[in-house]
1. Listed here are the pairs Lys32/Lys174; Lys100/Lys172; Lys172/Lys225; Lys203/Lys225; Lys100/Lys270; which of them are more than 28 Å apart at the Cα?
2. Could I have the simple spin-label model distance between Leu146 and Met34, label points 7 Å from Cα toward Cβ, reported in nm to one decimal?
3. Placing +1 at every Lys and Arg Cβ and -1 at every Asp and Glu Cβ, with all other atoms neutral, what dipole size does region 140-233 have around its Cα centre, in debye to the nearest 20?
4. If you average the sequence gap of Cα pairs under 8 Å that are 6 or more apart and divide by the length of region 27-183, what percent do you get for the contact order?
5. Please go through region 23-127 and write out the chymotrypsin sites (Phe, Trp or Tyr not before Pro) that DSSP classes as loop and that have at most 13 other C-beta atoms within 10 Å.
6. Ordering Asp104, Asp248 from largest to smallest accessible area (1.4 angstrom probe), what's the sequence?
7. For the pair His92 and Ser15, what calculated FRET efficiency results from E = 1/(1 + (r/R0)^6), where r is the Cβ-Cβ distance and R0 = 30 Å, to the nearest 0.05?
8. Calculate the length of the line joining the C-alpha centroid of region 39-94 to that of region 132-182, in whole Å.
Amino acid sequence: RLGIKNQHNKVLCQSIDIPATLLDFFDIPLYKEMLGRPLKEVIQKEQPIRDYAIFGFHGSFVNITDGRYLYMRASQSISNQPLYEYTLMPTHQIGLFSPKELTDIEIVGPLKFTQGAKIMKIPVASRLANATFCNSFQYGNLLFDLENDPEQLNPINNLEVEVTMINALISKLKESDAPSEQYERLGLNIDNEYDINMVIAEKERTLSFENFEITKKYSWEDDSKNIFIGMLALIGEARMDEYFNSLDDVMEKDNTNIVTRAQFEKLAKKFYANDDGQVFYFLNKLARIR
């Protein structure tokens with residue numbers, strides 16, 4: 001209709017703009033609940049439609065960008081909790097929810113965008129919480145300068161930018177009617193606007209791979225660092241001491257100071273002897289994550 005094709009521009013868009021664009025194309029009014037915007041003016045005039053774009057993957061990082069900077073907010077919980085799925089159709093990508101997953105179902109809502117319909121709120125078990133893609137806790141919050149590092153290889157430390165991005169993220173989460181537990185999982189304080197002092201204080205109390213005493217005792221291969229946090233999330237914080245003691249025992253028996261995948265295979269056999277290989281699937285997946 002516009003006669004424009006094979007062109008690129010740098011206006012921030014999101015996938016939610018696609019249905020809005022289709023409705024606009026057929027002269028159908030947008031539903032008031034929709035946050036997406038038609039892309040006609042973007043294509044025709046490169047006219048901005050938003051200052052920030054928010055995106056992510058269920059149970060992993062929640063990300064926001066202004067086009068120049070990208071801020072990736074990680075889970076602040078080892079076990080990636082609290083985490084729920086909200087749906088009217090309890091299906092995963094590869095099959096239906098199991099009866100066990102639906103044991104503690106709640107009917108909640110309606111939410112802003114469900115047009116009066118209530119929906120199912122289904123808890124994601126702690127030991128499966130990092131199965132959605134990765135437990136972002138193992139990486140921590142990340143900030144990138146897309147102009148100078150478009151491939152996002154080198155996180156930066158810029159407190160002023162981070163403050164701006166955190167406050168924008170909270171605003172966008174509220175606009176999107178994010179559930180209250182999402183703020184808890186991400187460790188976001190929504191009662192006060194963030195400033196540099198709040199960000200510094202948050203960094204000082206944030207738990208990371210380097211904060212565990214056991215991680216300082218050994219040398220770690222890169223894959224083993226990923227598996228360490230991922231398996232800790234599967235086992236759960238309640239059994240953390242048992243997990244660490246068991247790793248010490250394995251290291252002593254193997255007479256090594258270098259932690260590799262081999263040690264975690266032995267731990268998996270101890271903690272998940274009857275798991276039909278599911279944990280080994282997670283080990284393979286966690287080891288591939290960078």
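1. Flagged as over cut-off: Lys100/Lys172; Lys172/Lys225.
2. That separation, rounded to one decimal, is 2.3 nm.
3. So the dipole magnitude of region 140-233 works out to roughly 380 debye.
4. Details: 202 pairs, mean separation 42.0, N = 157.
The normalised contact order for region 27-183 reaches 27 percent.
5. Passing sites in region 23-127 are Phe26, Tyr31, Phe57.
6. Asp104, Asp248
7. Working from the Cβ atoms, E equals 0.90.
8. 10
The values are calculated or read from the model by the stated rules, or taken from the named source; none is laboratory data. Computed from a prediction, not measured in an experiment: that's the story for all the values here. Cβ coordinates were reconstructed from backbone atoms using ideal geometry, including for glycine residues, and neighbour counts include every protein chain displayed. To get the accessible areas, we keep the full protein, side chains included, count just its heavy atoms, and leave off ligands, DNA and RNA. Shrake-Rupley method; radii C 1.70, N 1.55, O 1.52, S 1.80 Å.
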